[in-house]
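Q: I'd like to ask some things about the structure below.
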Amino acid sequence: MGISLAWFLVFCKRLSQAPSAAEGARFARVANRSRTVLRERVGKGTGFGLRSARSDGDGSGSGAGLMTMQNRGRFITLEGGEGAGKSVQARRLEARLAALGLAVVRTREPGGSPGAEALREAILTGFASDFSSAGQALLFAAARVDHLDRTVLPALERGAWVVSDRFADSTRAYQGAAGNLPPGFIADLERLTVGPNRPDLTLILDLPADVGLKRAAERRRTGPADRFERQGLPFHETLRRAFLDIAVAEPGRCVVIDALSSEDEVAAAVWAAVEARLDPAGAVKARA
Ligand code: TMP
């Protein structure tokens, strides 16, 4: 079914190198051709995680065989800079939802499916860790497509609630804002790969960048920092601003949580947001 991973990786690697003018033109032609193929797929709603998991909102979820909105699970993402405590809060949220009787799938990005986990290693510590922001954004997007196709969308369609530690907002913040990619590049990529499958709720765990970096270093102890943790404070301050900007731009989807408070207080704020926005107890009752 089209573009092989090997071709894609070569394409990403080439993007991360400075091409000659002739090479640049050739790559632009290939990229345009690929975009046309992808657009056709979007139109047909096949593959690439592009089938609609929603039956409300933008009205795009009309496919036969999809669950009704009532029975479909909910997609919750946790976002934020380094050391914000997303993973701990994702575990606590999973436990709380499960205690109500909901089926829950906790997952993460990059990763969350076998293929995406392989890409995680390549991007964070392996051969792709020196790719440019553009090359990295494409790899994160490739991992996201596999994660959506194999983990997130099937879980939502069988009624499970999905809690993901990071998703597409991380690409907007890390590769877009902090990595200096043009907003149009990121928006195009998100449209092609995420499409209508946006989260129902995004919790942005916010704390000062220097505190987050200290926490991340303590958590990692003597282990090596990944390529993003190694960036200086200005990079991480840009990230923080980028996540807050996303929350301002999309208040219907995003809630900012003060992550400077204690773990219990953050968990309480997370739960309050989930209850207010998604009514998990009501969802359990509706299924009974
Ligand atoms: P983490 O799971 O420990 O947060 O590590 C994932 C790293 O990958 C983190 O530094 C953020 C980075 N990342 C991006 O740069 N772009 C992305 O799209 C995603 C999902 C993660």
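Q: Calculate one ³J(HN,Hα) per residue across segment 244-260 by plugging θ = phi - 60° into the Karplus curve 6.51 cos²θ - 1.76 cosθ + 1.60, and present them in order as whole Hz with x for glycine and proline.
A: Per-residue couplings from phi come out as 5, 4, 4, 4, 5, 6, 10, x, x, 9, 10, 10, 8, 10, 6, 8, 7 Hz.
Q: Another question, then. ALA103: net charge of surrounding residues, Cβ under 13 Å, Lys/Arg +1, Asp/Glu -1, itself excluded?
A: Values: positive: ARG72, ARG74, ARG106, ARG158, ARG287; negative: GLU94, GLU157.
Value of the local net charge: +3.
Q: Can you list the HN-Hα couplings for segment 91-104, worked out from phi with the Karplus curve (6.51, -1.76, 1.60; θ = phi - 60°), rounded to whole Hz and with x for Gly and Pro?
A: 5, 5, 5, 4, 4, 5, 5, 5, 5, 6, x, 8, 6, 10
Q: Going by amide H atoms built from the backbone, whose H comes under 5 Å of the H on VAL256, apart from near neighbours?
A: Here ILE204 satisfy the definition.
Q: If ligands, DNA and RNA are left out, what is the accessible area of VAL284 with a 1.4 Å probe, given in Å² to the nearest 10?
A: 40
Q: Please report the projected area of segment 183-251's Cα convex hull averaged over all directions, in nm².
A: Projected over every direction and averaged, the Cα hull of segment 183-251 covers 6.0 nm².
Q: Per residue, how much accessible area does segment 192-288 show when a 1.4 Å probe rolls over the protein heavy atoms, in square angstrom?
A: Details: 4940 Å² over 97 residues.
So segment 192-288 comes to 51 Å² accessible per residue, rounded to a whole number.
Q: Give the long-range amide H neighbours of ARG106: residues separated by 5 or more places, or on another chain, with amide H under 5 Å away, using H modelled in the peptide plane at 1.01 Å from N.
A: Long-range HN contacts for ARG106: VAL163.
Q: Moving to a separate point now. Using a/c under 1.5 as the rounded threshold, could you call segment 79-232 rounded, prolate or oblate? The axes a ≥ b ≥ c are square roots of the C-alpha gyration tensor eigenvalues, and prolate needs a/b larger than b/c, oblate otherwise. Numbers along the way, then the final one.
A: On the way: a/c = 1.65, a/b = 1.17, b/c = 1.42.
Oblate is the answer for segment 79-232, as a/c is 1.5 or above yet b/c matches or exceeds a/b.
Q: A further question follows. In terms of modelled amide H atoms, which long-range or inter-chain residues lie less than 5 Å from the amide H of GLY159?
A: HN-HN under 5 Å from GLY159: GLY73.
Q: So what are the radius of gyration and Dmax for the Cα set of segment 104-179, in Å?
A: Spelled out, the Cα radius of gyration and Dmax of segment 104-179 are 12.5, 39 Å.
Q: How much net charge surrounds GLY159 when only the other residues with a Cβ under 12 Å from the Cβ of GLY159 are counted, with Lys and Arg +1 and Asp and Glu -1?
A: Value of the local net charge: +3.
Q: Turning to a different aspect of this structure: In segment 73-148, carbon and sulfur make up what percent of the accessible area (probe 1.4 Å)?
A: Within segment 73-148, the accessible surface is 52 percent carbon and sulfur.
Q: Taking θ = phi - 60°, what integer Hz values does the Karplus form 6.51 cos²θ - 1.76 cosθ + 1.60 yield along segment 281-288, in sequence order, with x for Gly and Pro?
A: In residue order, the calculated couplings are 5, x, 5, 5, 4, 4, 8, 5 Hz.
Q: Please report the net charge: other residues with Cβ closer than 9 Å to the Cβ of SER170, K and R +1, D and E -1. Write out the running numbers ahead of the final one.
A: Working: positive: ARG166, ARG172; negative: GLU79, GLU109, ASP169.
Charge balance in the 9 Å sphere: -1.
Q: So what is the accessible area of segment 102-174 per residue, in Å², with the probe set to 1.4 Å?
A: For segment 102-174, the solvent-accessible area averages 30 Å² per residue.
The values are calculated or read from the model by the stated rules, or taken from the named source; none is laboratory data. Quantities reported herein were computed from a predicted structural model and do not represent experimental measurements. Note that we place each Cβ from the backbone using ideal geometry, even for glycine, and neighbour counts take in every protein chain shown. We work out accessible area using only protein heavy atoms, side chains counted, and drop any ligands, DNA or RNA first. Shrake-Rupley method; radii C 1.70, N 1.55, O 1.52, S 1.80 Å.
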